[in-house]
């Protein structure tokens, strides 16, 4: 009977200590899980942004190539003519802007 009472007492203390440890450490479990979920979300968002930056960079490069191809010698000559007129007007009327 004494042995039985001692076993019951040991089991009771084990349960109480286990419950105490569980309650003390439960925030750590959820905090670690929350942190990893946050990190996963940030990683997905980071990957999505990297993809967007890559796509926008490629689109910009395509547009630059198209823009550079469009400039013909006739356009450059026209631009030089217009630029000459602008410079002459600016010299004649410096306060116009």
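Tally the residues that are surrounded by 10 or more Cβ atoms within 10 Å (Cβ to Cβ) and assigned to a helix (DSSP H, G or I), restricting the search to region 54-72. Within region 54-72, residues that are surrounded by 10 or more Cβ atoms within 10 Å (Cβ to Cβ) and assigned to a helix (DSSP H, G or I) number 12.
Residue check: residue 21 meets all listed conditions (1) at pLDDT below 85; (2) more than 25 Å from the chain's Cα centre (by Cα); (3) surrounded by 10 or more Cβ atoms within 10 Å (Cβ to Cβ) but one, namely (1).
The values are calculated or read from the model by the stated rules, or taken from the named source; none is laboratory data. Remember, predicted model here, so these are calculated numbers, not experimental data. Positions of Cβ are backbone-derived with ideal geometry, glycine not excepted, and every protein chain shown enters the neighbour counts.
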